[in-house]
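Engineer: Starting off with a structure, shown below.
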Amino acid sequence: MKIAHARIGLILLAASSALSGCLNLGGAMKAPTVVYYVLNDAGPAAPAAPVVPLPAPVLRVLDTTTGNFYDTEQLVFSRSPDTRGLYQYARWTERPGKRFTELMRARLERQGSWSVSGGASVRADWQLDTELVEFYHDAVSEPGQVRLLLRAAVIDIKQRTVLGQRVFEQQVPLERYDAAAAAQASSLAVSRLLDELTPWLASLK
């Protein structure tokens, strides 16, 4: 029975360490190095932006808001429903909300359908509000998947009316059960979400 209990303990340790990256099968345990990942728009290179007759409508893209728990440089994971945890040795170079804003503005600028501004003081025709509701590695079953949930609303500033609201969701399976694969799937989830967000905005014109 002691041997069986020891084996169970080792299995649980291995499963727990797979996410944090702290298991060293080669011998002595060592404190692992923190790895920083860059969240990217993993989509294909966009074609050249079409020429837009001037004046192009100005779209004010506000900074993406993020819930307190997801407003962190550490990658977030979940091993059971309704629970969340933080990777100990895997971090983003920038917090997801800030980085998503940069990627979103860059994608919209490449599209070329409008002039994109970021400051709230800049005069604009429309305003895009976004909220990062969920962004984590769902590791309930291996290797798991990245879940991304974004709430978006477009406001006609001059008319003071809501032109459209939508919730975007992406679920991208991981290739492996580790932090690097989680970061890779996260970038792909962002890219696929932007693939949906961009034409949706264009449809509101």
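Engineer: Kindly indicate which of D138, D156 is touching a residue at least 60 places away in the same chain (Cβ under 8 Å) and charged (D, E, K, R). Reasoning before the result, please.
Structural biologist: Working: D156 fails: touching a residue at least 60 places away in the same chain (Cβ under 8 Å).
Step by step, each of D138, D156 is checked, and only D138 is touching a residue at least 60 places away in the same chain (Cβ under 8 Å) and charged (D, E, K, R).
Engineer: Given the criterion of a type outside the set (S, T, Y) and modelled with pLDDT of 95 or more, identify the matching residue among A15, A90. Break it down stepwise before answering.
Structural biologist: Values: A15 fails: modelled with pLDDT of 95 or more.
On inspection, the qualifying residue turns out to be A90.
Engineer: Within segment 112-138, restricting attention to residues that are of a type in the set (D, E) and assigned to a strand (DSSP E or B), which residue is surrounded by the most Cβ atoms within 10 Å (Cβ to Cβ)? Outline the logic, then answer.
Structural biologist: Step one: list which residues in segment 112-138 are of a type in the set (D, E), which gives 125, 129, 131, 134, 138.
Filter again for assigned to a strand (DSSP E or B), leaving 129, 131, 134, 138.
Numbers: D129: 17, E131: 15, E134: 17, D138: 19.
Top of the filtered list is D138.
Engineer: Would you say S80 is among the small types (G, A, S) and out of contact with any strand residue (DSSP E or B) (no Cβ under 9 Å at 6 or more places or on another chain)?
Structural biologist: Values: among the small types (G, A, S): yes; out of contact with any strand residue (DSSP E or B) (no Cβ under 9 Å at 6 or more places or on another chain): yes.
Spelling it out, S80 is indeed among the small types (G, A, S) and out of contact with any strand residue (DSSP E or B) (no Cβ under 9 Å at 6 or more places or on another chain).
Engineer: Within segment 169-197, restricting attention to residues that are in contact with a Lys or Arg (Cβ under 8 Å, 6 or more places away or on another chain) and surrounded by fewer than 18 Cβ atoms within 10 Å (Cβ to Cβ), which residue is farthest from R79 (Cα to Cα)?
Structural biologist: E169
Engineer: Within segment 161-176, can one find any residue that is β-branched (V, I, T) and touching a Phe, Trp or Tyr at 6+ places or on another chain (Cβ under 7 Å)?
Structural biologist: If we filter segment 161-176 for residues that are β-branched (V, I, T), which is where we start, we get 161-162, 167, 172.
Keeping just the survivors that are touching a Phe, Trp or Tyr at 6+ places or on another chain (Cβ under 7 Å) gives none.
Checking segment 161-176: not a single residue is β-branched (V, I, T) and touching a Phe, Trp or Tyr at 6+ places or on another chain (Cβ under 7 Å).
Engineer: Return the only residue of A180, A124 being hydrophobic (A, V, I, L, M, F, W, C) and modelled with pLDDT of 95 or more.
Structural biologist: A180
Engineer: L86 fails exactly one of the following numbered conditions: (1) out of contact with any Gly (no Cβ under 8 Å at 6 or more places or on another chain); (2) surrounded by 16 or more Cβ atoms within 10 Å (Cβ to Cβ); (3) hydrophobic (A, V, I, L, M, F, W, C); (4) touching a residue at least 24 places away in the same chain (Cβ under 8 Å). What is the number of that condition?
Structural biologist: The single condition L86 does not satisfy is (4).
The values are calculated or read from the model by the stated rules, or taken from the named source; none is laboratory data. Keep in mind that this is a model prediction, so the values were computed, not measured. Don't worry about glycine lacking a Cβ; one is built from the backbone with ideal geometry, like all the others, and counts go over all protein chains shown.
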